[in-house]
Amino acid sequence: MNLFSFLKPRASAPVARERLQILLAHERAIAGGSDLVATLKEEILGVIAKHFPLEREKVQVKLDRGDAFSTLEIDIEVPSLSKVHAGTGSNGGGAKLAAP
Amino acid sequence: MAKVLVVTSGKGGVGKTTSTAALGAALAQAGRSVVVVDFDVGLRNLDLVMGAERRVVFDLINVIQGDARLPQALIRDKRVETLHLLPASQTRDKDALTGEGVGRVISELKEKFDWVICDSPAGIEKGAMLAMHHADIAVVVTNPEISSVRDSDRIIGMLDAKTARAEKGERVEKHLLLTRYNPARALRGEMLKVEDVLEILSIPLLGIVPESEAVLAASNVGAPVVLHAPESAPARAYLDAAKRLQGQTLPVSVPEERRGLMSKLFGRRVA
């Protein structure tokens, strides 16, 4: 069986899983804690914009609902470090939040 | 203390009514007094799955509007005497359901029964919102399929925001019931795995009901699957889920069909 496994089409379940994760992260941001997520995004944009130009879509704020705790993920993509000397990168953390 | 449980999903056709009938029958068989309430006004089906379609005289809307008293509308199951059905209306539309009326009926049911199980209609409109409104516990029925998982996620958000408990700052206890699961396909990467769905929805697992011919066979004859084929894989999944709802801790597994000698010899499945 395994000898011929290369003939089989690629498993589709991982694709489903990935599509769902991306979609739901987005939908939860809109539906779930809409005010919190939107406010956070605006304030973060405000702070970063003081130091260097930044496009709106380069700031991603995601709230992931969990059973014991929820996770707030803030992803900020900044221009190349040679242009600016500010800190960079993503800042994922286990912020404990009330469920939206 | 009576518990109000809503069986909900967002998406249609995932097994809400089958699960309502099966969990209701399993809890009643365990000696609890149970009422299953159909909230799908205009498209009632719980009566059919329970085999009580010819015994419906009054329904939920009649009780809400004062045309009948609650005991007149309740139908006692002929197989398990502690199991009762409150049917939905087939002729009225869903606007006949009112928040105040539903609240009144649910409080009255809580005085009579240990478990009030509300079978939600599909969708996120009035009927579905009212079915979940008074819930202490929610069973979110989900198929391992993307549109079902997405709709379940939406419903979970609503359970956390739009219910009476949420309005009081309390939480509805939420459980995932994964139905129509096919372990072989999941293993081959053709179907979302239990762990995938759990990770995405992040609510505790109440049970895994495998895809099975026994479910259709039971609904064909109008019997909850736990009564019609108690040894079948889906029945055992529902019986275990009902035990978990009553507070027992059992390891969750995917029940397999038990195959008799003949089917083993000839390699054919017997449902």
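For the residues of B:192-198, the average number of beta carbons from a partner chain within 10 Å of their own beta carbon is 3. Mean separation of Cα pairs under 8 Å and 6 or more residues apart, divided by the residue count, gives region B:115-215 a relative contact order of 27 percent. The order of the peptides B:62-75, B:209-222 by mean Cβ neighbours within 10 Å, most packed first, is B:209-222, B:62-75.
Remark: mean inter-chain Cβ contacts per residue of A:12-22 equal 5, using a 10 Å Cβ-Cβ cutoff to other protein chain atoms. Between B and A, buried accessible area from a 1.4 angstrom probe totals roughly 1600 Å², ignoring ligands, DNA and RNA.
Annotation: amide H-H contacts under 5 Å for B:Leu177 (H modelled 1.01 Å from N, sequence separation of 5 or more, or interchain): B:Val140, B:Val141, B:Thr142, B:Leu206.
Per residue, region B:116-271 exposes an accessible area of 46 Å² to a 1.4 Å probe, with every protein chain left in place. Taking a straight Cα-Cα cut-off under 13 Å and skipping sequence neighbours fewer than 8 places away in the same chain, the aspartates and glutamates within cross-link reach of A:Lys58 are A:Glu42, A:Asp75, A:Glu77. Taking each DSSP H run with n ≥ 4 as -39500 (n - 2.57) and averaging over every residue of the protein assembly as shown yields -11500 deg cm²/dmol at 222 nm. Take each residue in B:14-21, count the other chain C-beta atoms within 10 Å of its C-beta, and the mean is 0. Compared with the dominant principal axis of the Cα atoms in chain B, helix B:99-112 is inclined by about 70°.
The packing ranking of peptides B:103-112, B:5-14, B:39-48, B:244-253, highest mean first, is B:5-14, B:39-48, B:103-112, B:244-253, where packing means the average number of other beta carbon atoms within 10 angstrom of each residue. The DSSP beta bridges internal to chain B are antiparallel in roughly 5% of cases.
Here the accessible area is traced with a 1.4 Å probe on the protein chains. For region B:81-133, carbon and sulfur cover 48 percent of it. Taking θ as phi - 60° and the Karplus parameters 6.51, -1.76 and 1.60, the scalar couplings of region B:116-126 work out to 10, 10, 9, 8, 6, x, 5, x, 10, 8, 3 Hz in sequence order, x denoting glycine and proline. Taken about its Cα centre, chain B carries a charge dipole of about 600 debye when Lys and Arg each add +1 at the Cβ and Asp and Glu each add -1 at the Cβ. Over region B:1-107, Cα pairs under 8 Å with separation of 6+ residues give a relative contact order of 29 percent.
The values are calculated or read from the model by the stated rules, or taken from the named source; none is laboratory data. Being a predicted model, the structure only gives us computed values, none of them experimental. Reconstructed Cβ throughout: ideal geometry from the backbone, glycine too, with neighbour counts over all protein chains shown. SASA here: full protein model, heavy atoms, side chains in, ligands and nucleic acids out. Shrake-Rupley method; radii C 1.70, N 1.55, O 1.52, S 1.80 Å.
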